[in-house]
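Read through the structure below, which is laid out as structure tokens, and then see the notes.
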Amino acid sequence: MTRTVYVNGEYLPETEAKVSIFDRGFLMADGVYEVTTVLDGKLIDFDGHAKRLARSLNELEMKHPVTEEELLAIHRKLVEVNEVEEGLVYLQVTRGAADRDFAYPKDAEPTLVLFTQKKQAVNSPAAKTGISVISLPDIRWGRRDIKTVQLLYPSMGKMAAKAQGADDAWLVEDGFVTEGTSNNAYIVKDGVIITRNLGNEILHGITRAAVLRFAAEAQIKIEERPFTIEEAKAADEAFVTSATTFVLPVTKIDGEAVGTGQVGPIAARLREIYLEESRKTAV
Ligand code: PDD
């Protein structure tokens, strides 16, 4: 089936959608994005994604192409016309098309593109077995709190992991884990969840915020602080969170089993709670 996609005010078949070759997203990675999960045909954590998008745009002094209400309407329409029950909506805003110049153009109109992707994620086999990660140096830029489309290093990280027979990579800076290539990273020790504190070093995950809220409600202790790979290897459990993976256990780090090497009880419980609670507030 040819998908219907959204480009700058128009709903078009994907084969007819076009963006200028002068678009700064294409030329300079001058763009930001969001990925919102769809479950049962509804959007998970839409409000959080819309707020983070607004923050990314503000940090880069980029125009907001539409209002939050319009954004929700576009998301809903794409989910409906493409009959997405389980999957995601990808959204990208760039500064728009202009003559190539390092300085921001004054008159460019932002480009807004959205498309859907169907994908089974709830019953992912990895949720039962856990995933393996390798550690890699975090050599990304210093404003990882802005969700930009500069994703080459995360792609290289995934490829390096695959080349070593692993699933993903955890990135390490100054001796401490920042986050995964496309997810936030956590360990569990003696019943306490430990995850990197918010700052410019990591993306402020929307799933992270929800999971930490649900964990606190379930009386699970949380420490938001940096941790090392050695501490992670000696932990009882490890897991990652993102819009597309929810809560996903990590059972191996650099070839060494974490805890028992099986999916741990806290990660399993948090995954269940997250799926149940976020479905309740889906729109
Ligand atoms: N990635 N950290 C990074 C570097 C990410 O790219 C992501 C999300 C997260 C988790 O954020 P959230 O919980 O808001 O999805 C953390 C998305 C899913 C992606 O690039 O596909």
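Here are the numbers:
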{"read-out": "Selection within the stretch 140-167 - over 17 Å from Gly199 (Cβ atoms) and either touching a Ser or Thr at 6+ places or on another chain (Cβ under 6 Å) or of a type in the set (Val, Ile, Thr) (or both)", "value": "Val149, Pro154, Gly157, Lys158, Ala166, Asp167"}
{"read-out": "Which listed residue is more than 18 Å from the chain's Cα centre (by Cα) and within 16 Å of the ligand (Cβ to nearest atom), from Leu53, Leu71, Leu88, Leu60", "value": "Leu71"}
{"read-out": "Some residue of the stretch 122-130 being within 30 Å of Phe176 (Cβ to Cβ) and within 13 Å of the ligand (Cβ to nearest atom)", "value": "no"}
{"read-out": "The listed residue being among the aliphatic types (A, V, I, L, M), buried (at least 19 other Cβ atoms within 10 Å of the Cβ) and either within 11 Å of the ligand (Cβ to nearest atom) or not assigned by TED's automatic domain parsing to the domain that holds Val133 (or both), out of Leu151, Leu171", "value": "Leu171"}
{"read-out": "Test result for Glu85, without any contact (Cβ under 8 Å) to a residue 12 or more places away in the chain, outside the structural domain of Asp168 (by TED's automatic domain parsing) and within 27 Å of Tyr274 (Cα to Cα)", "value": "no"}
{"read-out": "Complete set of residues in the stretch 101-138 that are of a type in the set (A, V, I, L, M, F, W, C) and crowded, with 16+ Cβ neighbours inside 10 Å", "value": "Ala108, Leu112, Val113, Leu114, Phe115, Ala121, Ala126, Ala127, Ile131, Val133, Ile134, Leu136"}
{"read-out": "Long-range neighbours under 8 Å by Cβ, at least six apart or interchain, first residue more than 16 Å from the ligand (Cβ to nearest atom) within the stretch 201-223, second charged (D, E, K, R) and modelled with pLDDT of 95 or more", "value": "Ala218/Arg269"}
{"read-out": "Total residues in the stretch 184-200, condition of a type in the set (A, V, I, L, M), buried (at least 17 other Cβ atoms within 10 Å of the Cβ) and within 14 Å of the ligand (Cβ to nearest atom)", "value": "1"}
{"read-out": "Answer residue from the stretch 242-264, given it is part of a loop (DSSP other than H, G, I, E, B) and touching a Ser or Thr at 6+ places or on another chain (Cβ under 7 Å) and is farthest from Leu39 (Cα to Cα) among those", "value": "Asp254"}
{"read-out": "Any hit, the stretch 36-49, residues being of a type outside the set (S, T, N, Q), within 19 Å of the chain's Cα centre (by Cα), surrounded by fewer than 15 Cβ atoms within 10 Å (Cβ to Cβ) and within 16 Å of the ligand (Cβ to nearest atom)", "value": "yes"}
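This table checks each residue for (1) in the same structural domain as Leu270 (by TED's automatic domain parsing); (2) in contact (Cβ under 8 Å) with a residue 12 or more places away in the chain.
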position: Ala50; (1), (2): no, yes
position: His64; (1), (2): no, yes
position: Glu68; (1), (2): no, yes
position: Ala73; (1), (2): no, no
position: Val79; (1), (2): no, yes
position: Gly96; (1), (2): no, yes
position: Tyr104; (1), (2): no, yes
position: Trp141; (1), (2): yes, no
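Here's the yes/no breakdown for (1) more than 16 Å from Asn8 (Cα to Cα); (2) modelled with pLDDT of 95 or more; (3) polar (S, T, N, Q):
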residue: Asp30; (1), (2), (3): yes, yes, no
residue: Val35; (1), (2), (3): yes, yes, no
residue: Leu39; (1), (2), (3): yes, yes, no
residue: Ala54; (1), (2), (3): yes, yes, no
residue: Asn58; (1), (2), (3): yes, yes, yes
residue: His64; (1), (2), (3): no, yes, no
residue: Leu71; (1), (2), (3): no, yes, no
residue: Glu80; (1), (2), (3): yes, yes, no
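The values are calculated or read from the model by the stated rules, or taken from the named source; none is laboratory data. Please read all numbers here as calculations on a predicted model, not as lab measurements. Cβ sites come from the backbone with ideal geometry, for glycine too, and all protein chains shown count toward neighbours.
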